[in-house]
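Novice: Below: one structure in structure tokens.
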Amino acid sequence: MKNLFIKIMPLLAVFFMIVVISACTDERNQPTKPEAPTYIETKFLLDKAVSNGEDVPAHFTVRDEIVSGRLVLFVFFEPDNDFNHFFEFSDEIEILKAEIDSISGVIFDRWQDQTLTPQDSLDLEQLKVDKKNQITANEAVQDSLDTWLDDRFKCSIRLDDDIAPLYPNAVFLDSTALDYLGSSPIAWGQGNYLAEADTSGLYGRRIELDLAEFWIADPTWRNPEKPDREEFLIIPARYPDRYTQYELLPVRNWLQRLTTGVTHTLNVRFGSVNTVTKVSMSLYLVYRTAE
């Protein structure tokens with residue numbers, strides 16, 4: 001028996017070695033090396049630079065071939081009289097609506113108490129009509145101010161030697177279509193005047209543009225009348241049926257124009273004459289690593 005065990009020992013050793021080696025074999029494959037690795041660069045170009053309706057240039061250099069990029073603008077302004085009037089009318093409209101509700105309550109209470117005379121009813125209803133007419137008048141003034149404020153606090157951008165300013169997420173209004181528009185072209189739809197206030201007394205909002213495609217006011221087209229704001233603010237690329245090619249124009253060549261190793265210039269302008277405005281600007285770029 002002892003001799004038999006000695007004879008089979010080498011066989012057992014080989015068997016156990018095969019088991020161990022097979023157990024350590026990993027059938028998984030290592031992931032392949034990415035063909036085009038990428039990296040990100042953030043460029044802080046402007047920090048509350050004074051614009052006041054004038055161009056503010058920002059210079060930068062591109063490192064590698066760009067895969068994608070986003071331009072982020074922060075626009076700030078000090079409120080002016082037109083801005084204050086707009087919100088004064090808003091406050092007055094809310095007060096008038098509350099007064100109308102109060103009159104309706106008085107009419108119901110006096111009717112329930114059987115103290116409402118026919119003449120009282122007529123007088124109170126007329127008072128409600130007067131207040132509703134005042135709301136309509138206030139809304140008409142607001143509509144006019146809305147247009148002027150949108151144009152007064154508009155934001156434009158230009159790349160390098162481009163001459164024409166581009167107004168993102170806006171349309172041009174036909175100045176001859178509405179009496180209060182005057183004779184100058186009106187850029188409408190950005191809504192920058194609706195910005196939130198900060199602790200310093202400035203109002204500011206964020207504008208983000210995808211450099212692969214962003215939409216601007218078509219310089220050759222004038223919308224015959226002011227479109228509804230809620231409809232306009234829907235993203236045109238996602239809902240192309242809501243827009244016509246004559247109102248908005250896509251810009252799709254900026255990524256290709258940003259050349260590696262070349263110093264480029266972005267010009268941003270916010271506000272108009274006699275406005276107090278500032279701009280901050282950052283550029284977020286995703287590069288493809290050069291082989």
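Rule-based calculations on the coordinates, nothing more; no lab input. All of these numbers come straight from a predicted model, not from anything done at the bench. As a convention, Cβ positions derive from the backbone with ideal geometry for all residues, glycine included, and neighbour counts pool all protein chains shown.
Novice: Using θ = phi - 60° and the Karplus form 6.51 cos²θ - 1.76 cosθ + 1.60, what ³J(HN,Hα) does each residue of the stretch 95-108 get, whole Hz, x for Gly and Pro?
Specialist: 5, 4, 5, 5, 5, 5, 4, 5, 5, 4, x, 5, 4, 5
Novice: Can I ask one more? ³J(HN,Hα) across the stretch 268-273 via Karplus (A = 6.51, B = -1.76, C = 1.60, θ = phi - 60°), whole Hz, x for Gly/Pro?
Specialist: The phi angles translate into 10, 10, 10, x, 9, 4 Hz.
Novice: Take each of the peptides 68-80, 264-276, 118-130, average the number of other beta-carbon atoms within 10 Å over its residues, and list them starting from the highest.
Specialist: Output ranking for 68-80, 264-276, 118-130: 68-80, 264-276, 118-130.
Novice: Still on this structure, please answer the following. Tell me whether the stretch 83-146 comes out rounded, prolate or oblate; compute the Cα gyration tensor, take square roots of the eigenvalues as a ≥ b ≥ c, and use a/c under 1.5 as the rounded threshold.
Specialist: prolate
Novice: With +1 assigned to the C-beta of every Lys and Arg and -1 to the C-beta of every Asp and Glu, and no other charges, what is the dipole magnitude of the stretch 83-146 about the Cα centre in debye, to the nearest 20?
Specialist: In total the dipole reaches around 200 debye.
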